[in-house]
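Working notes, beginning with the structure itself.
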Amino acid sequence: MRPDLGFYHPIVIHFAIGLITGGVLLRWLSLTRRGAFAGRAAVTLILLAMAATLVAAQSGEDAHVAVEAAPGISAAVRAHQLWGERTRNVVLLAGGLELLTLALRGRSIVRTMSFVSAGVGLLALVCILQTGKLGGELVYGHAGGVGIRSGDPEDVARLFLAGLFRQAELDERAGRTGDAASLLELAAQRFPEDPAVQVRAAEARLEDRKDPAGALAVLERLAPTSDDPRLRFRRGWLTADALDALGRRPEARAVLERLRAEFPENTRLRSRLARADAGPLTINRP
């Protein structure tokens, strides 16, 4: 049976793009008085691009199988596929013309055919730009292939987590803080061993749910985060916020003092402690 080339599509397509671009540029250079030396290189690159484009088109067909299973993405897949096929056909035409120039070498018609090939090559570049644009929209606008191509559960989990976090950010900006908190709580349930997820969920409990006790419970359950200074700082800052909201200001001050010992150059921390000396602590995002 024929192997599935879908996994290699991003690699192969970039080879095809580079080869056809270089071949077309060399073909146009070969048509100038000082660029006759570039003719053979142009033929070589365009023929290699023809082979790479055939493999890229087949690998794209294989990659679409997993991508099209996602809802609402089929139209974007078909548009990308259509322009990919157009690009393949134009590159094949350019390669065929280059083969003819080799077969008819020494005849007067070869220069005319080289001009035609150069023009077809420019058309191929236009097709590549459109295909690439649609491919970018498919991947970055529709998450086509991201996390699902391999079928690895860890890849799918990362895709799911990224979706939860991005939607929570949008909900917060739109003022839907309850919806944002619900998504982050779901993330915390699905990824209980991820300290960054837990800290973000605690922040949502504190600021969106107005539940400092719940936020503090999440933060206190966390394992040490010694390998990530920024996460340690954020955890301590939110712990102080939660304690302060619960009226436990001496404990909040003690947490901030420990943070100052570890991060003595943090100006925002020093400023917050200075304000604390003048009055009650205030809850702020780090």
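The values are calculated or read from the model by the stated rules, or taken from the named source; none is laboratory data. It should be emphasised that the depicted structure is a prediction, and the values quoted were computed from it without experimental measurement. Cβ atoms come from the backbone with ideal geometry, glycine included; neighbour counts cover every protein chain shown. Each accessible area value is taken on the protein alone, full model and side chains, heavy atoms only, with ligands, DNA and RNA left out. Shrake-Rupley method; radii C 1.70, N 1.55, O 1.52, S 1.80 Å.
Quick check: anything in the stretch 143-159 farther than 30 Å from L26 by Cα, touching a residue at least 12 places away in the same chain (Cβ under 8 Å) and in a helix (DSSP H, G or I)? Yes: the stretch 143-159 contains one or more residues that are farther than 30 Å from L26 by Cα, touching a residue at least 12 places away in the same chain (Cβ under 8 Å) and in a helix (DSSP H, G or I). In the stretch 126-135, is there at least one residue being over 30 Å from H64 (Cβ atoms) and not polar (S, T, N, Q)? Checked the stretch 126-135: no residue is over 30 Å from H64 (Cβ atoms) and not polar (S, T, N, Q). A Cβ distance below 7 Å, combined with a sequence gap of six or more or placement on separate chains, defines the contacts here; from the stretch 94-117, residues that are open to solvent by less than 40 Å² (accessible area, probe 1.4 Å) and of a type in the set (K, R) reach no residue that is part of a helix (DSSP H, G or I) and modelled with pLDDT of 90 or more. Within the stretch 1-54, which residues are surrounded by fewer than 17 Cβ atoms within 10 Å (Cβ to Cβ) and of a type in the set (V, I, T)? Across the stretch 1-54, the qualifying residues are I11, T21, T32, T44.
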